[in-house]
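The structure appears below as structure tokens.
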Amino acid sequence: MKEYSGCIEKLLFNFDLYICCDNLLLYSDYRNEVMTSAIFEHACRVGKAVFYPKVKDDMMDFYKVNSLEELKPGSFGILEPLETGQLFGNSSKCLMLLPLSAFDRKGARIGYGGGYYDRYLEDRRDIIKVGLAYSFQEEDSIPLENTDIRLDYIITEKEIIEVDND
């Protein structure tokens, strides 16, 4: 998985939307998700503000993180920031990288089923949503519920997939 994650990082770091973004909403990888610590390090090195999600009850917010040491085990054992950091507020020039366990080319994704990202994005549809995935996680079709929000792009170790959301 480390080799595939490295390929995904290379594609991401050369992706125009990543290069142009000022704010990056990132996740702490869990289980077999695409690894993100090198993405965090690169984003900080090139001057991006990086925010991580924190789950509280059935909602999620993003807090600024300056060092990976600021992340502590939280909900479901996933590393999360403390609520003492700056709360993310401005969605201009922002890119959100989302974890997933399966995806299709229409931008549907399956996560761990909590719906946290969908609820967070419900009123923030202007945020560009990029799923990070391994190509073997692709499915022909994933059924969507009314509350599911589609990805705009998916980056695998092989390609960047632009989703046609029309």
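Read the figures in this text as sums done on the coordinates, not as results from a lab. All figures in this text were calculated on a predicted structure; none of them were measured in a lab. Methodologically, a virtual Cβ is constructed for each residue, glycine included, from the backbone with ideal geometry; neighbour enumeration extends over all protein chains shown.
Cα-based values for the chain, radius of gyration first and Dmax second, are 14.6, 42 Å. For the chain, modelled as a Gaussian network with Cα springs under 10 Å, which listed residue fluctuates most, Ser28, Ser37, Ser101? Maximum fluctuation in the GNM of the chain, among the listed residues, is at Ser37.
Measuring gaps between exposed loop sites in the chain (GluC sites (Glu not before Pro); DSSP loop; at most 15 other Cβ atoms within 10 Å), the longest gap, sites not included, is 1-82. The count of lysine pairs in the stretch 1-120 whose Cα atoms are under 13 Å apart, excluding pairs fewer than 8 places apart on the same chain, comes to 5. Neighbours of Cys94 by Cβ distance under 13 Å: Lys/Arg scored +1, Asp/Glu scored -1, total +3.
Considering amide H positions built from the backbone, and no H for Pro or chain starts, which residues 5 or more places from Leu79, or on another chain, come under 5 Å of its amide H? Those lying under 5 Å, H to H, from Leu79 are Gly74. Each Lys and Arg Cβ is given +1 and each Asp and Glu Cβ -1; about its Cα centre, the chain then shows a dipole of about 440 debye.
Which of Thr36, Thr156, Thr147 has the fewest other C-beta atoms within 10 Å, and how do the rest follow up to the most?
In increasing order of surrounding Cβ atoms, one gets Thr147, Thr156, Thr36.
Across the stretch 145-160, coupling constants 3J(HN,Hα) worked out from phi with the 6.51/-1.76/1.60 Karplus curve, θ = phi - 60°, read 9, 4, 8, 6, 10, 6, 6, 8, 8, 10, 10, 10, 5, 9, 6, 9 Hz, and Gly and Pro carry x. Rounded to 0.05, the FRET efficiency of the Asp140 and Ile19 pair, given R0 = 30 Å and the Cβ-Cβ distance, is 0.40.
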